[in-house]
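Laboratory data are not the source of any read-out in this text; all were calculated from the coordinates shown. Computed from a prediction, not measured in an experiment: that's the story for all the values here. Please note: Cβ atoms are built from the backbone with ideal geometry, for glycine as well, and neighbour counts cover all protein chains shown.
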Amino acid sequence: MKPWIPLLSFIFTLSAVINIMDFRTTASKRVSSFPKSVTVDFIGQNNLIWHRYFLTNNNFRHMDYRSMPAEKKEIIRLFFSRLHRREAGGSMTGRLHGPYAGLLSRQFLTGKNRSSIYFFQKFREIRNAVLLNLLYDDDELLESLLANREIYGNIYGIGAASYEIYGREPGRLGQKELLDLLEFSYCRYRGCRVSLAGNEYDRIKSRLSKTLKYNNNTPEYGGNFRDYCLKILGSGGLLESGSSMKVYTTLDPAMQKRLEKDAVEYIINRRDQTENRLNILKRLDPIDAAALVIDVKTGGIRALIGSTGYSRGNVLNRAVQSRRQISSAFKPFLYALALEGGTLKPDSEFMDRPVTLKNRDGTIWEPRNFYPYYMGKVTMTEGLVISINTVAVQLIQITGVDRMAARAREVFHIPGNEIGRRIDSEPSLSLGSIDLTPLELAKGYLILAGGGLEIFPFPIVRVEDERGRILPFPGGGLDDKNRSKKRIYSAHAVEKVNKMLHEVIVHGTARSFIKEPFRSVVAGKSGSSPSDSWFAGFNRDLLIVTWAGYDNPRSSARGRLPEFIIIPFWYNLMRAFQQ
């Protein structure tokens with residue numbers, strides 16, 4: 001045997017192995033391997049998708065070419081046959097393989113409908129096309145052509161583009177719509193607009209550009225609500241599963257949009273403020289806001305904002321992440337505990353006068369009223385309506401500081417929030433010297449709105465995987481738990497407190513902002529500290545908790561934050577949402 005024969009055999013074998021491996025990685029493996037698109041569909045209370053979150057940043061919808069109507073399949077075949085003739089130009093290499101295999105081979109190798117100028121790349125293109133034509137039938141090749149195309153940005157496949165442009169699957173498109181979609185998908189790199197009449201090309205491009213922003217995971221509305229849901233899903237490991245899912249949420253899209261609009265109107269633009277108050281607000285540092293709208297009966301969160309404007313640069317969810325001093329917004333819970341004993345009544349009298357107490361460490365505490373005077377003899381109801389600090393301090397002496405602290409830990413407990421470590425048994429608790437998130441405070445007010453029964457606020461009803469199977473997630477039993485409610489306060493005590501809180505609306509802090517009476521009985525309470533302004537109120541259907549303040553929990557360098565900044569915001573939301 002001649003010595004060069006084994007060498008040639010080795011070279012031939014090695015070349016064959018390299019070509020087979022190269023064919024598998026560049027073509028064969030990709031025919032039935034479509035772009036991965038792991039998505040989370042957020043579905044609102046109306047059972048419609050309000051946001052699609054892309055875990056892999058790819059928007060892809062598989063399209064079953066074989067099940068399409070025969071006339072639509074014929075349109076697709078003719079389109080690709082003509083495109084192949086235009087691209088191949090009747091060359092000999094174009095006749096070596098079928099039209100679909102040639103187009104697919106160029107697409108896999110270059111990503112665009114043009115031939116490489118390099119000889120090696122041209123060889124790979126022809127080799128792949130010939131082998132694809134031999135190993136796969138036309139339907140398989142066509143399905144791969146329709147699925148593997150990068151249409152625009154991160155939108156892959158005719159199926160995804162059809163939904164984003166026309167809102168339906170390709171099989172339900174008209175003939176012109178289908179041809180426009182195919183022409184845009186396969187000719188835009190060369191400026192080819194054969195069947196795109198007028199401004200149709202620009203309209204499609206504009207629609208996909210808008211979708212691209214949507215696909216960048218910035219929702220049109222409900223950004224903070226979405227982020228809160230993602231936090232829950234992430235803590236349960238569901239975002240690491242690598243599979244798509246549907247998240248059925250409690251969000252009401254109309255309420256969410258109105259909440260976001262009003263946050264700008266009343267917090268940023270300061271609508272419905274008098275000229276005198278506007279002059280005061282102009283001197284303040286910039287403030288932000290948070291708010292929740294919650295169904296009283298179920299605990300479902302209908303709307304949520306964590307800022308006055310959600311954006312990539314402002315994603316802090318103050319509604320669930322920022323703990324702020326709640327001040328007088330705490331007082332209703334102290335009054336409810338004091339009324340449970342049966343000795344005190346709403347018309348029980350107290351003396352509004354200076355009070356001196358000792359803290360646990362022996363230091364002296366001399367609390368004062370918000371107003372620089374004392375009123376003498378007042379009723380318990382007046383103490384809450386006018387928010388008299390000295391009455392609250394006397395009440396915590398009656399109930400006991402330890403007892404009030406224990407009840408507060410129970411009232412504001414949400415799974416995972418470790419509230420017990422943040423509530424100290426100090427007499428200053430009577431004036432709300434604890435830091436809570438708006439969500440935690442809302443949990444407390446849900447108890448008052450629910451007649452003393454514990455209700456947990458929750459944003460997610462259930463989570464389903466791609467096959468419709470229900471997946472467990474943290475807090476997944478809260479909606480069920482709310483059906484078998486635990487009693488936190490006695491019904492008679494809460495009823496009396498709620499009547500007092502109704503007086504707050506009629507005669508107290510909010511009265512100057514009530515332009516028209518509510519159609520239902522509304523109860524609420526404000527809270528104010530140097531850097532925070534709260535108002536929480538409810539009727540028989542909805543609870544609305546609002547907060548405005550400085551991001552740094554301190555007094556503004558230009559002045560104390562007044563409580564009237566938040567009340568117009570809350571009042572107009574309650575007016576809009578009342579039933």
Margin query: Counting only other residues whose beta carbon sits under 13 Å from that of Val355, what net charge do I get with K and R as +1, D and E as -1?
Written below: +1
Notebook entry, point to check: Tell me, what HN-Hα J-couplings in whole Hz come from the Karplus equation 6.51 cos²θ - 1.76 cosθ + 1.60 at θ = phi - 60° for each residue of the range 19-29, using x for Gly and Pro?
Noted result: 5, 5, 5, 5, 5, 5, 6, 9, 9, 4, 5
Notebook entry, point to check: Peptides 72-82, 221-231: what's the order by average Cβ count within 10 Å, highest mean first?
Noted result: 221-231, 72-82
Margin query: Distances longer than 37 Å among the Cα atoms of the chain: what percent of all pairs is that?
Written below: 49
Next item on the list: Write down the percent of antiparallel bridges among all DSSP beta bridges whose residues are both part of the chain, to the nearest 5.
Entry: 90
Margin query: Using Cβ contacts closer than 10 Å as the measure, can you line up Asp285, Asp295 from fewest to most?
Written below: Asp285, Asp295
Notebook entry, point to check: For the chain, what relative contact order do you get, as a whole percent, if you take Cα pairs closer than 8 Å and at least 6 residues apart?
Noted result: 14
Notebook entry, point to check: Going down the table (Lys257/Lys499; Lys377/Lys499; Lys257/Lys297; Lys331/Lys499), which pairs top 25 Å between alpha carbons?
Noted result: Lys257/Lys499
Next item on the list: Give me the angle, in degrees from 0 to 90, between the Cα long axis of helix 401-411 and the longest principal axis of the Cα atoms of the chain, rounded to the nearest 10.
Entry: 30
Next item on the list: Please list, or write none, the lysines whose alpha carbon is within less than 20 Å of the alpha carbon of Lys231, excluding same-chain residues fewer than 8 places away.
Entry: Lys246, Lys443
Next item on the list: Under 20 Å Cα to Cα from Lys29, which lysines show up? Leave out anything in the same chain fewer than 8 places away.
Entry: Lys112, Lys122
Note to self: Can you report the principal axis dimensions of the range 255-577 using only the alpha carbons, biggest first, rounded to whole angstrom?
What the structure shows: 66, 48, 43
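Sort Trp547, Trp50 by Cβ crowding within 10 Å, fewest neighbours at the top.
The most exposed by this proxy come first: Trp50, Trp547.
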Next item on the list: Give me the compactness ratio for the range 259-323, meaning the Cα radius of gyration over 2.2 N^0.38 Å.
Entry: 1.29
Item checked: Residue exposure sequence - His502, His62, His51 - by fewest surrounding Cβ within 10 Å -> His62, His502, His51
Note to self: Quick check on the chain: helices-only [θ] at 222 nm, where DSSP H runs of length 4 and up contribute -39,500 (n - 2.57) each and the sum goes over total residues. Nearest 500, please.
What the structure shows: -12500 deg cm²/dmol
Margin query: Checking the cross-link filter: which lysines have an alpha carbon closer than 19 Å to that of Lys73, excluding same-chain neighbours under 8 positions apart?
Written below: Lys176
Next item on the list: Give a quick list of GluC sites (Glu not before Pro) in the range 382-465 that DSSP marks as loop, anything other than H, G, I, E or B, with at most 12 other Cβ atoms within 10 Å.
Entry: Glu418
Item checked: In the range 23-65, trypsin sites (Lys or Arg not before Pro) in a DSSP loop with at most 16 other beta-carbon atoms within 10 Å -> Lys36
